[in-house]
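Input: a single structure, listed below in structure tokens.
The values are calculated or read from the model by the stated rules, or taken from the named source; none is laboratory data. All values derive from a computational prediction rather than experimental measurement. FYI the Cβ positions are ideal-geometry reconstructions off the backbone, even for glycines, and counts take in every protein chain you see. Surface areas here come from the heavy atoms of the whole protein model, side chains and all, with no ligands, DNA or RNA. Shrake-Rupley method; radii C 1.70, N 1.55, O 1.52, S 1.80 Å.
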Amino acid sequence: MTEKWRLLALTGVTATVVYLLDLNPVVNALCTLIIGGNTIWACFAGPRRYGAQPRRAWNLVGAAGIIFLIGIIIRPFVTDLGLPLLADACTIPGYLLFCGFFIELLRARQSVEWHTVVDGMIVCLAGGLAATLLLAAPAVAIPDRSDVVSALAGLYPLFDTVLLMLVLSLTFTARTWPPSLISMLLAMALLFVGDLGYAIVGASGHLYTTPLLDAPLLLAYTAFGVTPIHPSAVEMGRPARPPVAAWSPRRMVLLIPALATPFLLLLTIGDTTRHRVAIATVGTLTVSLLLVRAIAAVRAQANSQHLAEHQATHDALTGLPNRRMIATTIHQLLDRTPVEGPELTWVVVLGLDGFKYVNDSWGHDTGDRLVIEVAERLRECVPPEVAVAALGGDEFLVTAVGDQGDADLLVDGVRGCFDRPFVVSDFELKISTSIGIASAGTQGEPEELMRDADTAMYQAKSHGPGHTTVFDISMHDQVRQRIELEVALRQALADNELWVAYQPLIDIDSGRAIGAEALVRWTHPARGPISPAEFIPVAEDAGLIGTLGDWVRQEALRQLAAWRTDGTVDDNFYLSINVSVKQLAVATFPLVVSAELLQYGVPARCVALEMTESVMVENSGTSARTVFELRELGVKLLIDDFGTGFSGLGYLRRFPVTGVKIDRSFVIGLGADEEAGEIVRAIVAMSQALRLSVIAEGVETRIQRDALASFGVTIGQGWLWGPAVPPAEFANAWHAAGAAAELAAGFTERHR
């Protein structure tokens, strides 16, 4: 349909040319039907094809096209019969429908404002005055013709002026003029020219003289048809920038001619009392509307200023006071805090546990709705005198003056907000909150109090979900250490201090290594080995997880290629590599992986990518598409730590995963905990039904191994077979020999 607008335009111009030849009435009617039929089809088919909004507006313009077509076809015939009002009865409702179309678009583009309405009234008054005095009045004076017919012939240009003003208003919220908007402007201009021609002829005593009068109208009809069928029609209902200011030069271009019209008419035709009275009346109404416009503009400016002040001091999402405003409130509370006595100013900062997981799993829209729900519930749970603020993201703050008991009650009230689950977007979410508390007397500073409470909150998060921590000065040292660790991690990535260790994946029946998991390790020059449990969270918070994951994947593929080349591993040996949610959120990630497989010469079937269950919960969006595209490459897709998150048969069926890794928390209890055994048995049964491979993590004892084998688990991983080791040790431990092992020996010595 992309090029059909060109065909429609060409057909319309050709039919107009044939119409002008005036071969006979039947041919003329046929040309009109072709143009009108194409336009009506375009008005209904185009918006449906491209999803142009609002649909109601496009239905209105389609109905207007039908009515206009009827009026154009019958006008020559009913004029000859002396019944021209029949054509007008079809045409005038079409103008009203067109007005409705433009008003709907203006509403969709958020352009219907008081000064816009007043501007329209001023333009209508000026256009009506000019049309009445210059066209309608002379036409009415013609003898032997209905006054209504004559007046209507002179007022059609006024209708076009109104429509032209409305379509120009659309341009006020457009950065550029798309083809659909240009064709609509052209259509309105041609319609004005055509109706003006009819009005001039009517003022001279005729209703219809030549087909040339219809040419602008037929071309206008064609331009109308191009508007909805062009792909840019979707932009007609979208504001590309804020509406133009009330007194902007662009609006003055419309207003100045309208304001000058009464004065120009007074100078040219104001020689009769009747004309002067009409001009004076319109002039008075115009001045009154200008006063109304000025008052509305002043009020709008005041409202805008009030809105700007509110936005500067309140959170846009929740409407709660923001950090700037709550700092002022805390300052006032500190001033009211007694110098002596047990009462202090308490600041409580809370952060939602697992909020990032909600965003990654259900999308940011659901996350925003959750934040709004939490804000509303917080405001309901705490006393009215307690100030509540939103600090951005998933963090909130409450503050009040009181003693230790009051502070305890306040924290209990905050925790009570999270006793019930939150229902958001048809999901029932049960979340907890980590709380940090700080207090000060009259000598305290608002920014320091908020900073200390924030530090305590992050300390609480480090202890696990749902913890509460009271600030003490030693926490500043911990924050400093975390910042230093982040800086060191960035430097480690640059200086190649990281390395990859490999832990075998064992076929439980044969005891043979059929694969390995690539795990990142860090040996700091001064601090020595740093646990992944310590630096991986830092990488996630610092936005380094993508860079880190890319490096690990590339190094693992390079090593696997070397092992395959010299026969260290067989052709079916595969490497399992972890990928983060952030990596899967990148649409080009499958292309990157495909290029790396080609670069290192590794078959896709020899690579498994491990992801968390959170990816499965979000069954739409970029992450979901990325997962499907990765599977199309041929790589294995494994769900890591299966059973600890939103595990479910539905998720496994919707996603093209090839296997699951049972979390170590279930494996540890095998042989001692009957419930753990039943859970593992259920996971295996479900996976086998879906033809998924099952890998057990954290296998440490023979009892666990034997229990897993009895359940049908075929692949194990854990300290029973050995820890993750450098590549040379891995090759030697599993009876491998060759150039790859020798080349890796130096690497092993450097990272011992």
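Each pair of Cα atoms in the chain enters the Kirkwood radius, and Stokes-Einstein at 25 °C and 0.890 mPa s then converts it into a translational diffusion coefficient of 74 µm²/s.
Of the trypsin sites (Lys or Arg not before Pro) found in the range 408-475, those that fall in a DSSP loop while having at most 10 other beta-carbon atoms within 10 Å are Lys430. Ranking Glu445, Glu555 from most to least accessible surface, computed with a 1.4 Å probe over the protein chains only, gives Glu445, Glu555. Measuring nothing but protein heavy atoms, the accessible surface of the chain at 1.4 Å probe radius is 60 percent carbon and sulfur. Applying a length cut-off of 27 Å (Cα extent along the axis) and a mean Kyte-Doolittle floor of 1.6 to the DSSP H helices of the chain leaves 147-171, 179-203.
Normalised by residue count, the range 347-501 yields a Cα convex hull volume of 146 Å³ per residue. Our note on the geometry: Cα centres of the range 293-372 and the range 461-508, 31 Å apart. When you restrict to C-alpha pairs under 8 Å that are six or more residues apart and normalise by the size of the chain, the relative contact order lands at 8 percent. Qualifying GluC sites (Glu not before Pro) in the range 368-457, where qualification requires a DSSP coil assignment and no more than 16 other C-beta atoms within 10 Å, comprise Glu385. Computed over the range 288-438, the Cα gyration tensor eigenvalues convert (square root of 5λ each) into semi-axes of 33, 25, 11 Å, ordered from largest to smallest. With protein chains left intact and a 1.4 Å probe, residues in the chain average 47 Å² of accessible area per residue.
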